[in-house]
Amino acid sequence: MDPLTAVLIGLGLAGSAGLNAYVPFLVVGLLGRFDVLHLTSPYDGLSSLPVPASLGLVVVVIVAALLARRWWRRRPRTSRATAAV
């Protein structure tokens, strides 16, 4: 595969998910892992176990961070400037 084709494939995969380029790689890796998609030489490493596992871990961490941020914004705030009685 020539470098221009590799760059265009990478841009296509990244563009399909916006800036979150891990999502298409996760989907392609899982499809290759479960033999739904046959991956050839430069991309057959995506279907090995460590790649989908680590990308799945990235998805879990990002979702947890988003949920934690949402919880942090909605938590009740207490005022420290209360008068002592």
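Bear in mind these aren't lab numbers, they're just calculated from the coordinates by the rules spelled out. Just so we're clear, the structure is a prediction, and the values are computed from it rather than from any experiment. In this analysis, Cβ positions are derived from the backbone assuming ideal geometry, glycine residues included, and neighbour counts consider all displayed protein chains.
Go ahead and run the numbers for FRET between T5 and V63, Cβ-Cβ distance against an R0 of 30 Å, rounding to 0.05. Each step should come with its number before you reach the end.
Numbers: r = 33 Å, r/R0 = 1.10.
So the FRET efficiency works out to roughly 0.35.
By average Cβ neighbour count within 10 Å, what is the ranking of 52-65, 24-37 from highest down?
Going from most to least packed, we get 24-37, 52-65.
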